[in-house]
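Chemist: Dropping the structure in here first, questions after.
Quick note: the coordinates plus some simple rules give every number you see, no bench work behind them. Owing to the predicted nature of the structure, the values given are computational and were not obtained by experimental measurement. Methodologically, a virtual Cβ is constructed for each residue, glycine included, from the backbone with ideal geometry; neighbour enumeration extends over all protein chains shown.
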Amino acid sequence: MLFQELFENTGEITKNARQAIETGDNAALGPLMNQNQILLEKMGVSSIELERLVQAARKAGAHGAKLSGGGRGGNMIALVPMESAQQIAKALSGAGATNTIITSVNN
């Protein structure tokens with residue numbers, strides 16, 4: 001029953017995140033990413049290393065951050081203000097990231 005509830009909550013977050021992406025609502029998207037990360041941690045697909053990177057990104061000013069891909073790997077994504085991107089990349093490197101990529105998406 002626990003996983004069914006986690007999957008249902010993840011589905012709801014995903015639906016809301018898609019709407020936020022389509023409307024360019026980054027203020028809503030960041031917290032949704034954070035909520036999703038909490039659920040992924042509860043599912044057991046995160047790792048201490050990924051959680052350290054997610055926390056570092058948030059602490060440095062990311063609006064939201066979460067693991068990316070199937071989990072248990074070393075990929076995460078953070079939604080950041082462009083003016084803070086270099087600072088957040090530096091914080092991620094300091095937290096153990098071996099590589100960071102900064103990109104932007106235009107709506």
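Chemist: Have a look at the stretch 52-107 and give its Rg and Dmax from the Cα atoms, expressed in angstrom.
Modeler: 10.6, 31
Chemist: Sequence-distant or interchain residues sharing an amide H contact under 5 Å with residue 64, placed H: which?
Modeler: Under 5 Å from the amide H of residue 64: 79.
Chemist: Let me ask you something else. Using a 10 Å cut-off around each Cβ, can you sort 88, 102, 38 from fewest to most neighbouring Cβ atoms?
Modeler: So the ranking, lowest neighbour count to highest, is 102, 38, 88.
Chemist: Also, quick follow-up: Can you give me the C-alpha center-to-center distance between the stretch 1-73 and the stretch 91-107, rounded to a whole angstrom?
Modeler: Here the two parts' Cα centres lie 16 Å apart.
Chemist: Which percent of the Cα-Cα distances in the stretch 2-94 go past 20 Å?
Modeler: Of all Cα-Cα distances in the stretch 2-94, 35 percent exceed 20 Å.
Chemist: If neighbour count is taken as other Cβ atoms inside 10 Å, put 80, 105 in order from fewest to most.
Modeler: 105, 80
Chemist: Could you work out how far apart the two model spin labels at residue 18 and residue 98 are, taking each label as a point 7 Å from the Cα in the direction of the beta carbon, and quote it in nm?
Modeler: It works out to 3.4 nm between the two label points.
Chemist: Also, I was wondering about something else. I'd like to know which of 76, 20, 35 lies farthest towards the positive end of the charge dipole of the stretch 2-94, counting +1 on Cβ of Lys and Arg and -1 on Cβ of Asp and Glu.
Modeler: 76
Chemist: Hey, another quick one. ³J(HN,Hα) across the stretch 86-100 via Karplus (A = 6.51, B = -1.76, C = 1.60, θ = phi - 60°), whole Hz, x for Gly/Pro?
Modeler: 3J(HN,Hα) across the stretch 86-100, in whole Hz: 5, 4, 5, 4, 5, 5, 5, 4, x, 8, x, 5, 8, 7, 10.
Chemist: Name the long-range amide H neighbours of residue 47: under 5 Å, sequence gap of 5 or more, or other chain; modelled H, no Pro or chain starts.
Modeler: Amide H neighbours of residue 47: 72.
Chemist: At a 10 Å Cβ-Cβ cut-off, how would you order 66, 42, 15, fewest neighbours first?
Modeler: With the fewest neighbours first, 66, 42, 15 line up as 15, 42, 66.
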